1. Return the residue satisfying two criteria in turn: it lies in the stretch 1-28 and is over 22 Å from residue 213 (Cβ atoms) and more than 16 Å from the ligand (Cβ to nearest atom), and of such residues it is most open to solvent (accessible area, probe 1.4 Å).
2. Does the stretch 80-126 hold any residues that are touching a residue at least 60 places away in the same chain (Cβ under 8 Å), within 22 Å of residue 206 (Cβ to Cβ) and among the β-branched types (Val, Ile, Thr), and which are they?
3. Where the second residue is of a type in the set (Gly, Ala, Ser) and within 11 Å of the ligand (Cβ to nearest atom) and the first is open to solvent by less than 10 Å² (accessible area, probe 1.4 Å) and lies in the stretch 368-383, which pairs have Cβ atoms under 6 Å and are six or more apart or on separate chains?
4. Just checking, which of 268, 251 is surrounded by 17 or more Cβ atoms within 10 Å (Cβ to Cβ) and more than 28 Å from residue 480 (Cα to Cα)?
5. Only one of these conditions is not met by residue 261: (1) under 30 Å from residue 467 (Cβ atoms); (2) assigned to a helix (DSSP H, G or I). Which number is it?
6. I'm trying to understand the selection: among the residues of the stretch 132-143, which are within 16 Å of residue 84 (Cα to Cα) and open to solvent by 10 Å² or more (accessible area, probe 1.4 Å)?
7. If we only count strands (runs of 3 or more DSSP E) wholly inside the stretch 373-485, which ones have 1 or more residues that are farther than 30 Å from residue 288 by Cβ?
8. For residue 202, indicate whether it is open to solvent by 40 Å² or more (accessible area, probe 1.4 Å) and polar (S, T, N, Q).
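The values are calculated or read from the model by the stated rules, or taken from the named source; none is laboratory data. Not measured: the values here are computed from a predicted model. Neighbour counts are summed over all protein chains in view; Cβ atoms, including those assigned to glycine, are modelled from backbone coordinates with ideal geometry. With ligands, DNA and RNA removed, areas are computed over all heavy atoms of the protein, side chains included. Shrake-Rupley method; radii C 1.70, N 1.55, O 1.52, S 1.80 Å.
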Amino acid sequence: MAASEMVPFAKSGGLGDVLGALPPALSRLGHEVKVFIPHYASIDTAAFDFQPVDLDLQVEVAGKSMPMKVSQYLEPKSGMEVYLLGNANLFERPDLYVDPATGKDFVDNDERFIFFCRGGLELCRKIGFWPDVVHAHDWQAGLLPIYLKTLYSEDSYFAGVKSVLTIHNLAYQGTFPAKNFPKLNLPPELFYATSPFEFYGQLNLLKAAIVYADKITAVSERYAREIRSSSELGCGLEGVLTERKDDLVGILNGVDYTIWSPSRDKNIPFKYHRANLSGKKMNKVDLLNESSLPIRDKTPLIGVISRLVDQKGFDLVAEAAERILAMDIQMIVLGTGDEKYHSLFSELEQKYPDKIKAYLTFDDTLAHRIEAASDIFLMPSRFEPCGLNQMYSLKYGTVPLVREVGGLADTVVDFDPTTGEGTGFVFKEYTADALLSTLERAVATYSRRRVWTKIMKSAMLQDFSWRRSAERYADLYAGLIGSRG
Ligand code: ADP
């Protein structure tokens with residue numbers, strides 16, 4: 001398993017959560033799992049008891065030979081092993097992907113992840129590990145399936161090794177100038193117009209990974225369909241995905257309920273569960289106090305925890321903001337991202353100090369506290385491959401208000417007042433009006449305490465645990481291994 005993030009070592013979003021949960025879940029099912037991630041400077045190796053592995057390993061990238069430093073950690077509970085693949089020049093930086101000096105991706109992200117992927121294959125050989133399946137996540141690990149079918153296709157060590165690519169977000173494709181292709185160390189004739197690597201004149205690593213991987217998964221069933229059927233959601237790769245449709249499946253991410261459950265959450269001051277929700281109210285009072293917001297018993301608190309980017313629907317929130325804040329609500333926002341949204345929330349906070357508090361930072365503990373304290377969780381995404389926060393919200397009885405797209409559509413059921421069934425509030429059209437009218441519906445329902453409690457309790461019963469998803473991945477691997485004969 002190879003990826004650029006993994007909880008608890010390095011995380012910028014849901015990818016990190018998935019890697020924190022899927023590999024140990026597979027281990028618990030009896031599989032031998034080794035996870036490779038880059039050795040970022042931010043990883044506290046001493047805290048997790050990573051041990052250096054003494055290997056003399058050089059990796060060739062862009063015609064240069066670069067040394068690879070390896071550390072290993074054995075997770076005692078599941079037996080899963082985690083390897084950090086390090087090179088000081090490439091990974092000892094202040095961020096995972098983005099250069100804080102420019103606010104843009106590091107210019108050598110191609111070299112960083114060529115090193116990671118090629119180094120991963122060389123590491124397998126060096127430690128004598130012959131994987132049945134190499135499972136690569138997103139473009140950063142996408143060169144693994146590519147190399148298995150190209151540079152390493154004649155290498156007897158890797159004969160028969162199968163590959164799976166998981167797409168967590170098709171909007172991030174790993175595109176680089178075409179002139180960078182030689183950095184990959186592949187024959188130049190592999191790059192031509194319409195080749196797997198070429199996309200509108202650029203080098204596109206995700207596109208090539210989609211072409212070369214033996215199987216492709218997307219992180220919800222709905223998203224697996226959406227990325228084939230619409231150019232907006234397919235981000236230009238819908239044609240390639242359609243060509244691979246027989247090998248493309250959707251497998252919904254799960255939730256690690258050892259971390260995200262209000263009855264076990266170490267980060268929240270007051271634990272609670274479905275049969276006794278009093279702790280939830282106490283978490284709300286506690287967070288409102290800390291956020292200098294007045295305690296208003298009958299006013300719903302709306303939580304937002306998100307990367308502040310267009311994907312997450314913040315242009316709708318911006319358009320509707322004044323009308324949202326004219327309603328009887330309070331709001332706590334946690335997020336980082338585009339400057340325009342930082343300004344938006346800072347300005348709203350100044351204008352409505354008794355209604356909205358914005359924490360423009362990344363803070364995992366606060367994320368848990370907001371989940372526990374809020375009444376409504378707002379996630380009006382333009383597109384959402386899976387989305388985790390709406391699933392966390394369900395467990396915390398924090399009724400999600402979502403747009404009917406991707407994994408949000410697969411996990412939240414719109415409340416129907418005639419039957420009393422439902423776990424959240426769902427709108428379809430990507431418009432500020434649709435968002436507002438759905439929020440009005442939610443706020444009106446909130447005032448009907450018995451009805452609201454019923455929705456909370458239905459939400460808290462939902463079970464998106466990893467085991468089921470891990471079994472689906474295991475079945476996929478088994479099919480691949482079977483196909484090897
Ligand atoms: P995405 O992967 O697109 O960012 P997901 O909903 O799949 O969206 O996962 C987001 C994860 O990142 C969740 O675990 C969420 O709590 C976390 N997260 C996002 N922003 C922040 C933040 N500012 N502080 C703490 N956690 C955050």
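1. Among those residues, the one meeting the criterion is 28.
2. Scanning the stretch 80-126 gives a single hit, 114.
3. From the stretch 368-383, the pairs are 370/303; 374/303; 377/303; 377/393.
4. 268
5. (2)
6. 140
7. Result: empty, no element qualifies.
8. yes
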